[in-house]
Structures are given as C-alpha cells and as structure tokens.
1. Could you tell me whether residue 37 is farther than 26 Å from residue 102 by Cβ and within 17 Å of the chain's Cα centre (by Cα)?
2. Could we say that residue 96 is exposed (fewer than 15 other Cβ atoms within 10 Å of the Cβ), at pLDDT 95 or above, touching a helix residue (DSSP H, G or I) at 6+ places or on another chain (Cβ under 7 Å) and part of a helix (DSSP H, G or I) here?
3. Mind counting the residues in region 99-114 that are closer than 21 Å to residue 6 by Cα and in contact with a helix residue (DSSP H, G or I) (Cβ under 9 Å, 6 or more places away or on another chain)?
4. Condition first: under 19 Å from residue 82 (Cβ atoms) and over 18 Å from the mean Cα position of the chain (by Cα). Now tell me which residues in region 1-28 satisfy that.
5. Given the structure, is residue 119 at pLDDT below 95 and either touching a helix residue (DSSP H, G or I) at 6+ places or on another chain (Cβ under 8 Å) or under 20 Å from residue 53 (Cα atoms) (or both)?
6. Which residue, of 142, 124, is within 18 Å of residue 103 (Cα to Cα) and in a helix (DSSP H, G or I)?
7. In a helix (DSSP H, G or I), under 30 Å from residue 24 (Cα atoms) and at pLDDT below 95: does that describe residue 88?
8. Quick one: in region 57-81, which of the residues that are touching a helix residue (DSSP H, G or I) at 6+ places or on another chain (Cβ under 9 Å) and either over 16 Å from residue 141 (Cβ atoms) or free of Cβ contacts under 8 Å to residues at least 24 places away in the same chain (or both) is surrounded by the most Cβ atoms within 10 Å (Cβ to Cβ)?
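The values are calculated or read from the model by the stated rules, or taken from the named source; none is laboratory data. This is a predicted model, so every value here is computed, not measured. Glycine also receives a Cβ, built like all others from the backbone with ideal geometry; neighbour counts cover every protein chain displayed.
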C-alpha cells in the first residue's frame, strides 16, 4: 500500500534584496535553519539550489518573492519543525524581513511517497488555495484534510492536473 507524505510551499515578499543589511538576520540563519530541517524527525526533502537553499529561485514575476518547499512524513512532523524548533524564532521575526502578504502564502497537500513536487506544482496548489479555500487539493495548518490514497491517485502528477471532479 503506497504511503503518503505532506508537501508544503510557502512564499514571502522580501522587504529588501537578500544582500541588503535589512535581510542580514534572515540570511545569516539560513544554513542553521536548513540544517535543522534536514535532521528533523519526519523530514523527507526540501527545495534547494547548489547553494543549499532556495532563496535565489524567483518563480514569480515579483522578484522580491522567494519560495520554500519541502516534503514531510506527516503534518505533525512538519508542525513540530515549524512551530517548536529554532525555526519558530524566524516565524516570529518574519515582519523584520518580509511584507505581510494578504493572499495565501502557505499551502499543504498530500503526495505519494517518493514524489518530489516541482515549483510549478507548488504555485498551482497555492493559487488553488487562494481561489477555492482549503480543499484536499491544497489546505492549511488550520484546515487540514486526512491523507486519502484514492484521491491522490486521481492526480496526474506529471503535469498536476486534478481530476475533473475537483
């Protein structure tokens, strides 16, 4: 029986370019926080470039938006990392480095074990959440959906095309 993992994407709009002193507190902790994720229970994968992070990827027209994606064995594992480790300090300080985004900026969804989501897939999930609110296709920490292997198997993962019923 295939196992499902939870994928997440989150975006942020920087207050300044990465090399600006305003961003130094964030940039200075990237390696530490990424290493913490890598060794956290339930961690499976994270988006990264050869530099070890994804901060230089710019998949949106707005060059100030950075993206982070990862896959975890479960929602509790992801929540533990986000809210109960040193990462939580960055969450509390986010307004020092990032603008408040009024739209959806975090989306979660279930993927088959071994599936590595692409940035386009993550962007589509985030857009779906913004347009439709939480559904099994994309949801939030506040409104989650249980893993559903039958549903996940209806998705064309090569192009992320949700089945027509959704």
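1. Yes: the conditions hold for residue 37.
2. Answer is yes for this residue.
3. Within region 99-114, residues that are closer than 21 Å to residue 6 by Cα and in contact with a helix residue (DSSP H, G or I) (Cβ under 9 Å, 6 or more places away or on another chain) number 9.
4. 25
5. Here the answer is yes, as residue 119 does meet what is asked.
6. Selected residue: 124, the only one of 142, 124 that is within 18 Å of residue 103 (Cα to Cα) and in a helix (DSSP H, G or I).
7. yes
8. 67
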